[in-house]
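Let me begin by presenting the structure, written as structure tokens, before commenting on it.
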Amino acid sequence: MSFSAPARGRRGRRAPEGPRASFRQLVPFLLEHKRTLVVVAMLSVLGAAATLAQPLLVGEVISRVQSSVPLGALVWLLVAFVVLSSVISGFQHYLLQRTGTAVVFSSRRRLISRILRLPISEFDARRTGDLVSRVGTDTTLLYAVLTQGFADAVGNALILVGAVIAMAVIDPLLLGLIIVVVGASLAVVVLLSTRIRSASADQQAKVGELSSGVERAVGSIRTIRASGATEREIAAVTENATAAYAAGVRIARVSALIVPIAFVALQVSLLVVLGVGGYRVASGAIDVAALVTFVIFLFLLVQPLASAIGAITSVNQALGALGRIQEVLDLPLEDDADRPSSPAAVPDAAALAFRDVHFHYPDDVVKAREAAAAEARSVLEQAHLERAADETVAEVDDDRDVLRGVSFEVPRGSRVALVGPSGAGKSTILALIERFYDPTEGAILVDGVDARDLSRGDLRARFGYVEQDAPTLAGTIADNLRLASPAASDADCERVLRAVNLADVLERSPLGVDAPVGEDGVMLSGGERQRLAIARALLAAPPVLLLDESTSSLDGVNEQRMREAIDAVATDRTLLVIAHRLSTVVDSDLIVVLDKGRVVGRGTHSELVASTPLYRDLAKHQLLV
């Protein structure tokens with residue numbers, strides 16, 4: 001059992017552990033909606049002005065009533081300001097919510113675009129479910145930054161400043177007492193908010209682990225059921241869910257302190273104003289109208305403060321998620337080319353040549369593989385497969401230097417087979433050809449040109465790559481075939497299907513190439529899925545086909561069809577195949593034997609049987625390794 005993973009060719013700087021975020025990291029998202037946010041800011045100014053005018057009008061109404069002066073249109077003016085501020089507030093919140101939704105959309109779009117362009121090594125060093133969680137769950141939390149915090153700041157700041165100025169004019173003494181009470185509560189809230197942000201980042205990380213666990217369990221449900229491991233998987237996923245729950249409880253515990261603190265601050269402030277203010281009215285320092293106006297301004301002062309305090313939990317959760325989003329956005333992309341131009345092919349050069357190629361995995365990928373191996377070992381030991389568990393760990397221990405001085409050539413129009421025991425480095429050779437990562441030392445020549453002198457797009461266009469147990473995408477047969485050739489016609493699809501002996505698949509359904517294949521191709525057999533992957537590569541008409549033959553055992557009919565399919569595609573193109581069946585190997589023009597990352601033999605089948613003990617032993621056991 002192999003838990004190998006490819007590595008990256010160049011090392012990029014990683015974001016530090018426990019990513020931190022700030023509002024400035026939102027700027028790229030906000031700039032996409034700057035016109036809407038300018039309108040929101042203008043509405044905030046108008047709304048603040050209408051709100052601040054109301055206490056002054058109330059004070060004037062009280063003064064006129066006390067003085068028996070007719071109110072005139074003053075009451076209607078007050079009503080107009082109340083209605084105006086309400087209308088402005090409603091429209092402003094609509095714009096904020098629409099913009100918040102747009103920011104979530106744009107962040108998801110940027111994340112998806114970034115993730116799909118990351119070096120392959122990033123996928124090997126990370127859990128897929130964690131990346132999915134960042135796109136789905138973390139981005140949703142950004143909504144709170146706009147709707148409950150960031151964009152409200154303009155209007156609330158104006159109301160806050162206006163209220164403080166008005167209260168200072170009315171009674172500086174009362175204002176000073178309010179500042180002491182509110183300031184003390186704010187200091188405590190700010191200290192608590194930092195704990196919310198760190199707890200939120202931890203919670204999102206735990207949710208990512210939960211997503212990975214669920215994805216692993218659902219994706220392997222047949223194996224889990226057949227192995228009697230359902231309860232163990234439930235326990236493992238539940239453990240992840242419990243960790244996410246515990247992190248959520250920590251957030252709730254801190255949040256539960258914030259709301260009472262804000263409530264107490266408001267109550268104490270009101271009691272201070274009524275007590276001290278009543279005394280000052282009795283002493284003649286201020287009149288009743290001034291006290292009522294001051295109390296209304298107090299509520300206006302507390303309103304933005306309470307809004308900010310109430311938003312602290314959601315905003316800090318969003319900032320914790322933003323840190324995880326930014327961590328992915330800061331990762332290096334797979335570079336398209338190391339040099340600006342692609343040199344012309346060298347006439348009569350081999351289609352492919354390895355020159356003293358060495359390769360080892362970077363440390364982060366090795367650590368990820370060791371973690372996967374440890375998890376696999378635990379499962380195998382529970383199933384009482386101790387020998388397989390030991391072999392799994394041994395494979396990881398031996399794979400730091402995967403290739404050691406590998407050299408061979410694939411002449412144009414030839415059929416070359418790579419054989420060797422599990423962990424010999426065969427799949428890594430194909431991955432290096434595709435430049436999923438680059439050699440540590442040595443060079444790979446494509447038509448006589450160093451692969452690193454070619455853009456990755458130009459390089460990959462020269463090869464059709466068929467992975468071992470290549471994935472079948474949910475959708476139709478045509479959807480799978482057109483992955484690399486979206487303009488291919490139905491006739492083209494049918495042609496390549498017949499070329500790989502899949503004509504019977506077309507005949508099963510009146511839908512033809514539009515017939516569904518099911519999730520992960522469950523409506524096809526293992527051999528049919530492999531041949532469908534070959535057909536997909538053929539449709540792009542590459543000059544060289546790279547085939548990592550499936551290790552799955554096939555019945556006689558399917559093995560014969562697979563051999564005929566390989567024979568058919570090898571007639572008019574170069575073929576490099578990782579062979580697991582003797583029937584695939586014997587007709588090859590050249591066989592390269594690998595063991596522990598080194599070439600230990602090369603030649604035809606008969607030559608290697610006579611000269612190479614490892615190949616002779618593999619051939620004796622039909623090569624299924």
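In the condition set (1) closer than 27 Å to residue 447 by Cβ; (2) at pLDDT 85 or above; (3) not in a strand (DSSP E or B), residue 470 is compliant with all but (2).
Taking the stretch 65-92 on its own, how many of its residues are at pLDDT 80 or above and either in contact with a helix residue (DSSP H, G or I) (Cβ under 8 Å, 6 or more places away or on another chain) or part of a loop (DSSP other than H, G, I, E, B) (or both)? Counting residues in the stretch 65-92 that are at pLDDT 80 or above and either in contact with a helix residue (DSSP H, G or I) (Cβ under 8 Å, 6 or more places away or on another chain) or part of a loop (DSSP other than H, G, I, E, B) (or both) gives 11. Here the stretch 39-51 is the region considered, the condition is being of a type in the set (Gly, Ala, Ser) and within 18 Å of residue 302 (Cα to Cα), and the residue that is surrounded by the fewest Cβ atoms within 10 Å (Cβ to Cβ) is 49.
Screening residue 478 against (1) more than 29 Å from the chain's Cα centre (by Cα); (2) part of a helix (DSSP H, G or I); (3) more than 23 Å from residue 548 (Cβ to Cβ) leaves a single unmet condition, (1).
A search for C-beta distances below 7 Å between a residue of the stretch 509-523 that is more than 12 Å from residue 478 (Cβ to Cβ) and any residue that is in a helix (DSSP H, G or I), counting only pairs 6+ apart in sequence or on different chains, returns 521/529.
So, residue 55, is that one touching a helix residue (DSSP H, G or I) at 6+ places or on another chain (Cβ under 6 Å), closer than 26 Å to residue 286 by Cα and either in contact (Cβ under 8 Å) with a residue 60 or more places away in the chain or not aliphatic (A, V, I, L, M) (or both) or not? Write out each step before concluding.
Numbers: touching a helix residue (DSSP H, G or I) at 6+ places or on another chain (Cβ under 6 Å): yes; closer than 26 Å to residue 286 by Cα: yes; either in contact (Cβ under 8 Å) with a residue 60 or more places away in the chain or not aliphatic (A, V, I, L, M) (or both): yes.
Spelling it out, residue 55 is indeed touching a helix residue (DSSP H, G or I) at 6+ places or on another chain (Cβ under 6 Å), closer than 26 Å to residue 286 by Cα and either in contact (Cβ under 8 Å) with a residue 60 or more places away in the chain or not aliphatic (A, V, I, L, M) (or both).
With respect to (1) in a helix (DSSP H, G or I); (2) out of contact with any helix residue (DSSP H, G or I) (no Cβ under 7 Å at 6 or more places or on another chain); (3) of a type outside the set (A, V, I, L, M, F, W, C), the lone exception for residue 47 is condition (2). Taking only the stretch 498-531 into account, find how many residues are in contact with a strand residue (DSSP E or B) (Cβ under 9 Å, 6 or more places away or on another chain) and outside any loop (DSSP other than H, G, I, E, B). Number of matching residues: 4. Residue pairs whose Cβ atoms lie under 6 Å apart, sitting 6 or more positions apart in sequence or on different chains, and linking a residue in the stretch 13-38 that is surrounded by fewer than 17 Cβ atoms within 10 Å (Cβ to Cβ) to a partner that is at pLDDT 50 or above and of a type in the set (Val, Ile, Thr), are 36/99.
Among the residues of the stretch 103-127, how many are touching a Ser or Thr at 6+ places or on another chain (Cβ under 8 Å) and in a helix (DSSP H, G or I)? First the steps, then the outcome.
Residues of the stretch 103-127 that are touching a Ser or Thr at 6+ places or on another chain (Cβ under 8 Å), as a first pass: 104, 107-108, 111, 127.
Those still in the list that are in a helix (DSSP H, G or I) too: 104, 107-108, 111.
Residues meeting the conditions: 4.
Within the stretch 54-108, restricting attention to residues that are of a type in the set (Val, Ile, Thr) and closer than 30 Å to residue 326 by Cα, the residue that is surrounded by the fewest Cβ atoms within 10 Å (Cβ to Cβ) is 101.
Of the residues that sit in the stretch 542-561 and are surrounded by 15 or more Cβ atoms within 10 Å (Cβ to Cβ) and in a loop (DSSP other than H, G, I, E, B), which one is modelled with the lowest pLDDT?
The initial filter retains those residues of the stretch 542-561 that are surrounded by 15 or more Cβ atoms within 10 Å (Cβ to Cβ), namely 542-552, 554, 558-559, 561.
Those still in the list that are in a loop (DSSP other than H, G, I, E, B) too: 542-543, 549-552, 554.
Values: 542: 89, 543: 91, 549: 77, 550: 66, 551: 54, 552: 57, 554: 59.
It comes out as 551.
Residue 62: touching a Leu at 6+ places or on another chain (Cβ under 8 Å), over 22 Å from residue 319 (Cβ atoms), in the same structural domain as residue 155 (by TED's automatic domain parsing) and modelled with pLDDT of 70 or more, yes or no? When the stated conditions are applied, residue 62 does not pass them.
The values are calculated or read from the model by the stated rules, or taken from the named source; none is laboratory data. All figures in this text were calculated on a predicted structure; none of them were measured in a lab. Don't worry about glycine lacking a Cβ; one is built from the backbone with ideal geometry, like all the others, and counts go over all protein chains shown.
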